[in-house]
1. Any idea how far apart L108 and W18 come out in nm if each label point goes 7 Å out from Cα toward Cβ?
2. So, with a 1.4 angstrom probe, what is the percent of accessible area on region 120-252 that is carbon and sulfur?
3. With +1 on each Lys and Arg Cβ and -1 on each Asp and Glu Cβ, and nothing else charged, work out how big the dipole of region 159-248 is about its Cα centre, in Debye to the nearest 20.
4. Given the chain, what count of lysine pairs have C-alpha atoms under 27 Å apart, with each pair 8 or more places apart or on different chains?
5. Ignoring ligands, DNA and RNA, please state the percent of accessible area on region 1-99 from carbon and sulfur, probe 1.4 Å.
6. Per residue, how many Å² of accessible area does region 21-143 show with a 1.4 Å probe?
7. For region 144-212, what is the accessible area per residue in Å² when the probe is 1.4 Å?
8. Towards the positive end of the charge dipole of the chain, with charges on Cβ (+1 Lys, Arg; -1 Asp, Glu), say which of L167, G20, P107 has the farthest Cα.
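The values are calculated or read from the model by the stated rules, or taken from the named source; none is laboratory data. Owing to the predicted nature of the structure, the values given are computational and were not obtained by experimental measurement. Cβ: placed from backbone, ideal geometry, glycine included. Neighbour counts: every protein chain shown. Side chains included, ligands, DNA and RNA excluded: accessible areas come from the protein's heavy atoms. Shrake-Rupley method; radii C 1.70, N 1.55, O 1.52, S 1.80 Å.
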Amino acid sequence: MRSAFRVICFYLILLLIWEGIFRLHLWPAFLFPSPLQVFETLANGFYDKSFLIGIGISMERILLGFGISLVLGIVVGFCIGSFQMLDGTIGPLLNGLRSLPSICWFPLGLLWFGLNENAINFVVIMGAAFCITLATDDGVKNISPLYLRAASTMGAKGLKRFWYVILPAALPSIITGMKLGWSFAWRALMAGEMLYVSLGLGHLLMMGRELNDISQMFAVMLVIMALGLLVDKVVFGLMEREMRIRWGLNAL
């Protein structure tokens, strides 16, 4: 209760600061709306279902792109972590590619796929796959040799060794990579939707800019932030909690 009270007070203070800046009239009202204007726009967006449509389209794209990057990243990451030849060749290349901002892939996607859904999916996949791959690679490399020796002593080989020893031991790093990959994919999706008429949240954000409706821009930004926090806390938070329980770390 005390923690919840602190959080509520913190956000109330932020709203008061926002309202105070609005009342100082440092910018015209159409450039810096009040919290009430933004919340009215937010309510209207859900009432006319434009925000619901945008959320549905964006979530459909992110689930598809992130799902593909998750499969690719885990498979390639396990291969690099298991074979030294791949680690010395593909590993440095992936490290270099990871440093590229996700939006850098969008011009290439336009040339390869055209201005359509495939270009956006390409950007999302490229934004997330490298983080998941390298995190999986690190997880495999950091497995304690004691676990592998114990598995060999008990006769665990092949698929059984992978399923019961390697995968659980690498899982903390994989989940960390998934969280980072999700954040990069989410940003890449918003950037792609802002450049392409796609009816997603990024497109709604650009519509607010083109119509000079700053309250809509603020409202869409709040929706984007809320969805990101929801996925991080609910999906990945539950995964981390279950992992800590399985590893006996929930009491720490």
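1. 3.8 nm
2. On the way: 4690 of 7060 Å².
Roughly 66 percent of what the probe reaches on region 120-252 is carbon or sulfur.
3. Details: 9 positive and 6 negative charges, 130 e Å.
Using Cβ point charges on Lys, Arg, Asp and Glu, region 159-248 gives about 620 debye.
4. Details: K49/K233; K141/K157; K141/K160; K141/K179; K179/K233.
For the chain, the number of qualifying lysine pairs is 5.
5. Numbers: 5030 of 6810 Å².
The computed percentage sits at 74.
6. On the way: 6730 Å² over 123 residues.
The answer is 55 Å² per residue.
7. Details: 3880 Å² over 69 residues.
It amounts to 56 Å² per residue over region 144-212.
8. Checking the options against the dipole of the chain, the answer is L167.
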